[in-house]
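See below for the structure under consideration.
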Amino acid sequence: MPIMMSLWKPFRAVLMVLGAALLVAVLLFVAANAWVLAKTQARIEHDLPICSAQPVAIVFGTSHWTRAGGRNPHFEARMSAASRLMRMRRVQHLLLSGDNRTRFYNEPVTMWRDLRARQVRDVDMTLDYAGFSTFDTLSRARDVFGVERALLVTQSWHLPRALFIADALGLEATGCAAPAQPVAGVWRLQMREWVARVATLGDLYLWERRPYFLGPLEPLEIAPRA
């Protein structure tokens, strides 16, 4: 019995330290998410007609198809929102930013084709082929395309992180949530977004992340409306 007691004491001490560390990690995780949400929620609109009018809408890329082979409802919602914003003249130009990692996967071109089919003019769209992440998209919007003010178009659960990054980069941005029907499994994306918000704080304030690729300045050319 004395031997058991002597073994249990250091083991209990280790458990207490691990428990305390886990509690601190959970509290920091929740606090980080609460901070991001508190700083951005007031600038997110969920009704397209009242989304703030801006010269440029930044439309974030996503896959056209789901892993099951069906059309991605998140892609559909973003394209529908972008085309409607143009028709309502809430924005004058669309910056379509996404991943173009291979010749077989090209988010900006897929968005461009879809929006053309929705009667959006070619002159009203600019394609950004190096929007490999939310951070890269917004960094390039500022440093490559000369964007200073923008409306961010994506899902409501993605907008807080996007707006937080825009603030850190000095962009004047508001969010317009793409309307969407209930989608099975969306909770996984929302949970992943909670983790991504915490990682974003590290990107911005700890290891000073830089975009994967920039390039020369190419200011957007906003064509007059007919």
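The values are calculated or read from the model by the stated rules, or taken from the named source; none is laboratory data. Treat the numbers as computed from the prediction; the structure is a model and nothing was measured. Cβ atoms come from the backbone with ideal geometry, glycine included; neighbour counts cover every protein chain shown. Protein only, heavy atoms only, side chains kept; ligands, DNA and RNA dropped before computing areas. Shrake-Rupley method; radii C 1.70, N 1.55, O 1.52, S 1.80 Å.
Could you grab me the full set of residues in the range 51-80 that are buried (at least 20 other Cβ atoms within 10 Å of the Cβ) and farther than 19 Å from Pro108 by Cβ? Cys51, Gln54, listed by residue number.
Being open to solvent by 30 Å² or more (accessible area, probe 1.4 Å), part of a helix (DSSP H, G or I), over 30 Å from Thr102 (Cβ atoms) and at pLDDT 95 or above is a property that does not hold for Ala31. In the set Glu172, Glu221, Glu148, Glu193, only one residue is among the acidic types (Asp, Glu) and closer than 28 Å to Trp65 by Cα; that residue is Glu193.
Just name the residue that is surrounded by the most Cβ atoms within 10 Å (Cβ to Cβ) out of those in the range 39-50 that are of a type outside the set (Lys, Arg) and assigned to a helix (DSSP H, G or I).
To start, the set of residues in the range 39-50 that are of a type outside the set (Lys, Arg) comprises 40-42, 44-50.
Filter once more, so that each one left must be assigned to a helix (DSSP H, G or I): 40-42, 48-50.
Values: Thr40: 21, Gln41: 13, Ala42: 9, Leu48: 19, Pro49: 9, Ile50: 10.
If we take residues in the range 39-50 being of a type outside the set (Lys, Arg) and assigned to a helix (DSSP H, G or I), then Thr40 is surrounded by the most Cβ atoms within 10 Å (Cβ to Cβ).
Checked against the criterion of being modelled with pLDDT of 90 or more and in contact with a strand residue (DSSP E or B) (Cβ under 9 Å, 6 or more places away or on another chain), the candidates Ala178, Ala223, Ala196 yield just one match: Ala178. Counting only helices (runs of 4 or more DSSP H) that fall entirely inside the range 83-198 and contain at least 1 residues that are within 24 Å of His46 (Cβ to Cβ) and either without any contact (Cβ under 8 Å) to a residue 40 or more places away in the chain or among the basic types (Lys, Arg) (or both), the qualifying elements are 107-117, 159-169. Looking across Ala168, Ala141, one residue alone is more than 15 Å from Leu95 (Cα to Cα) and out of contact with any Cys (no Cβ under 9 Å at 6 or more places or on another chain). It is Ala168. Reported count of residues in the range 94-141, each being modelled with pLDDT under 95, of a type in the set (Val, Ile, Thr) and open to solvent by less than 10 Å² (accessible area, probe 1.4 Å), is 0.
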